[in-house]
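In what follows, a single structure is set out as structure tokens and then discussed.
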Amino acid sequence: MKSENIKNSKAAVVLLSGGQDSTTCLYWAKQRFDTVLAIGFDYNQRHKLELEQAKLIAKEANVELCLMELPILSDITKNALVNCNISVETYNENQFQKSPPNTEVVGRNMLFLTYAAIYAKQYSIENIVTGVSQTDFSGYPDCREAFILSLEKTLTLSMDYPYKIHTPLMHINKAQAWELADKLGILNIIKNKTLTCYNGIIGDGCTACPACALRKRGYEEFIKRKI
């Protein structure tokens, strides 16, 4: 169904990056809403390949994907995801409990969710789905539930529109996220077609960057539980 024809309260917009979490949320939404649209963002990120994966995943899921350009992020923030001259830090759990890694794009989720809300409203969609989690995260403050609840209220007030931000992964760890993917029947898609790696390697990734380390640890724990 084309987005211009949507007039359905049982519809949702999913933030899709082409990674493990957002792809899991895309299929989670497909099971719960009659109509699902996806939105992704080009913010001059280090690896544009993730956008190609998002296109591939959306096509396979039969979901319309809107890609928006937000190049301003690479101009106003310095981090390893938008600056190839900054090396991506390897995973150090003790360090990241004290401060986020150098892959933090300050304000990214706030901007993405705001644009997603604007996009959703024009199609009379109230539901927004995002893959943030405060259980297994790399120290990013905009992955916390307190932030999501606050922004949901702010968006509702600012646009006088009853938004609901759904966060299916908020209170589950990476092993449980893999388990959810398995229950949704998309384990192979998540394992082989998503791009979570900050160094731009599809599937299992580099295994050393923060995103890959969490992904690998979660998968290994999931497999142990499954056996």
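The values are calculated or read from the model by the stated rules, or taken from the named source; none is laboratory data. If you're wondering where the values come from, they're calculated on a predicted model, not measured in any experiment. Using ideal geometry, Cβ is built from the backbone for each residue, glycine included, and neighbour counts are taken over all protein chains shown. Heads up: the accessible areas ignore ligands, DNA and RNA and are worked out on the full protein's heavy atoms, side chains in. Shrake-Rupley method; radii C 1.70, N 1.55, O 1.52, S 1.80 Å.
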Run the 1.4 Å probe and let me know the accessible area of His47, rounded to the nearest 10 Å².
50
Using θ = phi - 60° and the Karplus curve 6.51 cos²θ - 1.76 cosθ + 1.60, what whole-Hz ³J(HN,Hα) does each residue of segment 142-147 get, with Gly and Pro shown as x?
8, 9, 8, 4, 4, 5
Of Glu152, Glu64, Glu52, which has the most accessible area with a 1.4 Å probe, and how do the rest follow in descending order?
Glu52, Glu64, Glu152
With all protein chains present and a 1.4 Å probe, the order of Lys48, Lys153 from largest accessible area down is Lys153, Lys48
Using the structure shown, select from Lys153/Lys191; Lys48/Lys153; Lys10/Lys153 the pairs with a Cα to Cα distance greater than 30 angstrom.
Lys153/Lys191; Lys48/Lys153
Which of Lys55, Lys183 is most accessible, then next, and so on - probe 1.4 Å
Lys183, Lys55
On the accessible surface of segment 123-176, probed at 1.4 Å, how many percent belong to carbon and sulfur atoms?
51
Place +1 on the Cβ of every Lys and Arg and -1 on the Cβ of every Asp and Glu in segment 146-194, take the dipole about the Cα centre, and give the residue among Leu169, Ile190, Met159 whose Cα lies farthest towards its positive end.
Ile190
